[in-house]
Amino acid sequence: MIRWALVALVVGIFGTPADGVAQATRERLDNGLTILVRENAVAPVVAVSLLVTMGTRWEEPSNAGISNFVHAVMVRGTAKRSGAQLAEAIAALGGKISATGEVDYSEIRASALSRFWRELLGFTAELALEPKLAPGEVGGERDWLVGRIQKRRDSAPARAFDEFFATLYGAHPYALQVLGTPQSLGRIDHAALVAWYRRFYRSERMTLAVSGHVAAAEVLAEARRLFGRLERGGSFTEPLRPAPVNPGTRRAFEQPAQQAQILVGGIAPSLDHPDHAAVKVLSTILGGGMAGRLFVELRDKRGLAYTASAYYDPVREPGALVLYLGTTPQNATKAEEALLQEVERVRTEPVGANELSRAKGYLLGRYAMDRRTNERLAWYLAFYEVEGVGQDYAERYRRAVEAVASADVLRVARQYLGTLTTVVLRPR
Amino acid sequence: MWRPDRRAPAANGAVLVVLLLLAGCATVVGLRHGAVPKPAREVLPNGVVLIVQEHRASDVVALQLWMRMGGRDEAASELGLAHYIEHMLFKGTPTRPPGSIDTLVEGFGGASNAFTSYDTTHYDFVVPAAHVRGGIELLADLAVNASFPPGEIDNEKKVVFEEMNLIEDDPEKFLLRRLYEVSYSPHPYGRPLLGQREFIQKLTRDQLARFYRKHFVPRNMVLVVVGAVEPAQMRPLVDATFGRIAAAPPAPREAPAAPALDRTRRADVRRAEKQAYLGLAWRTAPTGNEDIYAVDLLTYILGDSPSSRLNQTVREQLRIVATIDAGYGAFEQAGLVTVTARLEPADLERAEAAILDVIRKVRAEGVTEAERQRALITAESSYAFDIETAEGLAKTYGQAETTWTLDNELGYLSRLRGITATQIQAVARKYFGDDNYARVRFVPEGASP
């Protein structure tokens, strides 16, 4: 059964660094690059997250997937070594390194045994600043990515989510898939990849975060040495992006599968919006954990769905609140009706104190549990930086969640679940 | 992305990975700082084993109840019961009505999880350290007082059917499941852990309760406590809960032999996906067998990372697969090394031949010292990342105690270090032949393999 992520920590102790986990050290280099280091003696490991503000947010349908494509070619080799040599060198550190494009950023992430932190940082810098981007690698990586797109299309849940975001976001780039499409990748040539890399890989667009069993001063000095020589990239004009307008439509389509997929939702606030915490609580009340309403009512009580959850991921521009069911084709109609009843209920009846308290405990517990491994700690450090919300965000978020009242939940439910977009995928 | 992938089917809708071979030890030579202390192991008078370790990575405690019972303990008339119990246990006890357990645990920011495998099942909580007493009381209550409310049993059937659909929709999970089926049938390791639809449909509360009473006895129970606790304070809590469970003899466990593999163990499955999947499996060492160390290193060398042989040859040089991985599933009665790949249907034959070539070369020429070293570092690293969280460490202990021994687990990395390249080549010769493997292929409809 799905007993999802392992979560804990009481609300009261949330935000308190654990034994051995120090506050992060932050430094902005003269060239604009930000470095964050957190010392964490929990295990003999180190993790690095290098985020660059480059992703689907800056893409268009014609070049969708280019940020991720660039990273796929980057890991094929640097000025100093081939992709195979890089893989071998990283494996010798007990490590791993990978690079992907995401929505609001792209990431090079690496981790290894902490005694190799210096080597790991060196390989990260080499990959970021001296990728070979060889013309001969483009075709092979394109084929590989097209294979992944195909795999994603074959997966009913992934396909349903992609269709949902495309429908909900319309002309906004959040409608695009991070992987792109076979057509868009087919149009992107070597020159376009190099130009895209040069446009975004600039010191002032980069944030380097390190977390692990390391000494912050040593890491800072090494990071300065590796990244300090980079020159500023100069001015950058942000493209204008149309505000997404929830179309409130319902789309149904078919593909071979055992399970039916039902997604219902709307446009929701961005990460730094005053309503963010209240919508997170709303999302948790509906679909957070096994005591969430969708799980209890639709799965536990009525057996109408196997998967019953809600998603509301933090992003820079308007987010999406998605209620999601995976169920048998026979139950699909009933399940969708029941889901809409739950939406109606949360928009009309105030949430009780116990339920509100459970949701907050779950939400903050999950959040705290997610910030324990060094990989996640490094990512969070860099993420809050590139999202521009500041390193005190975690604490502000905790306070904001605790302050959410029943009336706030009712208000945001009415506001953000008033117009609903629906995508249904039925097995063929 | 490239963590070891010791894979085998497990019944849990969320994540498939059951850690089968325990890459770890608690006194890792490579730990320069803050080496993890040894866990305390005690046996209560009624047979419950208690393993406790202080771990202050954060202010939480992982509580895991491991049962020496899993899918392999089901009789032919009980298929799927171990997993069904896993679903039903959280539904309540006489003092805890349906729904109250999830609300309680989630309300104080904790979480629960449960897994069924062939040799074991386990029930996990992660809770704030302040709630350790409540957590242990809850686990002990679930261990003997589950009430299996009749209405809940019927509802849960639909959920289990959905879980079956979900696995079938995921080509990678389903490939592994079919590969185990083809490799082991009729041995219990070849059964689907979720059982068969027809049987689950007719399942009664009596059957469930009988199975529960037969297997949930103290001598089958291992309680693992890892987290921000004082170890000395745990025994009294456990004495007052698990210690009060009446002693009873566990049901005897059967040990049928796993069948030998040959070219008759083949299955081609037509699937809706556009890409093909290939899975090959060789019978190797079970837990408790001395060969596991060398087989584990060999698996790392073959297919664990981008620098592994299969990746470098079949993916990078020949470019005939999109992904390729090797995994080692070591169980008490048998082990299996699997190689799985995603590829174009036209390349199925070539890829299989290429995989066999890679293995043939290891048999003929052995592995290099650099490869052996990399495999060791990978094992050390895998363990170091596992112990970042209390639940990760608890899991290595629970798995070891139920399917192997805690001491073997604690000495694992140092044993690995003693394995030579010659020994790795020897297990390649002993277990990996040109004919003694099972094969499952997923072929897109309309394509010819």
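The alpha-carbon of B:LYS158 sits under 18 angstrom from the alpha-carbons of these lysines, leaving out residues fewer than 8 places away in its chain: A:LYS301, A:LYS334, B:LYS91, B:LYS202.
Averaging the sequence gap over all C-alpha pairs within less than 8 Å and six or more residues apart, then dividing by the number of residues, gives chain A a relative contact order of 24 percent. In terms of other Cβ atoms within 10 Å, B:THR95, B:THR389 run from fewest to most in the order B:THR95, B:THR389.
Within the shell of other residues whose beta carbon sits under 12 angstrom from the beta carbon of A:GLU218, the net charge comes to +1, with Lys and Arg scored +1 and Asp and Glu -1. With no solvent and one equal point scatterer per Cα, compute the Debye intensity ratio I(q)/I(0) for region B:40-244 at 0.17 Å⁻¹ and report its log10, rounded to two decimals. Each listed q maps to, in turn, -1.19. When only alpha carbons of region B:199-342 are considered, Rg and Dmax amount to 22.4, 62 Å. Restricting region B:301-375 to trypsin sites (Lys or Arg not before Pro) that sit in a DSSP loop and have at most 13 other Cβ atoms within 10 Å of their own Cβ leaves B:ARG319. Evaluated on the protein assembly as shown, the Kirkwood hydrodynamic radius is 28.0 Å, with distances taken between all distinct Cα atoms. Among B:SER147, A:SER283, the order by Cβ neighbours within 10 angstrom, fewest to most, reads B:SER147, A:SER283. With Cα atoms defining each centre, region B:359-408 and region A:287-329 are spaced 37 Å apart in the structure. How far is helix B:421-431 tilted off the main Cα axis of chain B, in degrees rounded to 10, range 0 to 90? The two axes meet at around 90 degrees.
Adding -39500 (n - 2.57) for every DSSP H run of four residues or longer, then dividing by how many residues the protein assembly as shown holds, sets the calculated 222 nm ellipticity at -12500 deg cm²/dmol.
What angle, in degrees between 0 and 90 and rounded to the nearest 10, separates the Cα long axis of helix A:353-370 from the longest principal axis of the Cα atoms of chain A? So the inclination is approximately 20 degrees.
The angle separating the long axis of helix B:348-365 from the principal Cα axis of greatest extent in chain B is about 90 degrees. Between A:VAL194 and B:ALA130, the simple label model (points 7 Å from Cα in the Cβ direction) yields a spacing of 6.0 nm.
Return the distance in nm (one decimal) between the two label points of a simple spin-label model at A:THR249 and A:ALA215, each offset 7 Å from Cα along Cα→Cβ. In this crude label model, A:THR249 to A:ALA215 measures out at 6.1 nm.
A viscosity of 1.002 mPa s and a temperature of 20 °C, combined with the Kirkwood radius over Cα pairs in Stokes-Einstein, give a translational diffusion coefficient for region A:250-427 of 127 µm²/s. Note on chain B: percent of Cα-Cα distances in each 20 Å bin, starting at 0 and stopping at the bin with the largest distance, equals 25, 56, 19, 0. Taking the square roots of five times each eigenvalue of the Cα gyration tensor of region A:9-162, the equivalent ellipsoid has semi-axes of 30, 22, 17 Å, listed largest first.
Computed from the coordinates by the stated procedures, all read-outs in this text should not be read as laboratory data. Keep in mind that this is a model prediction, so the values were computed, not measured. Cβ atoms come from the backbone with ideal geometry, glycine included; neighbour counts cover every protein chain shown.
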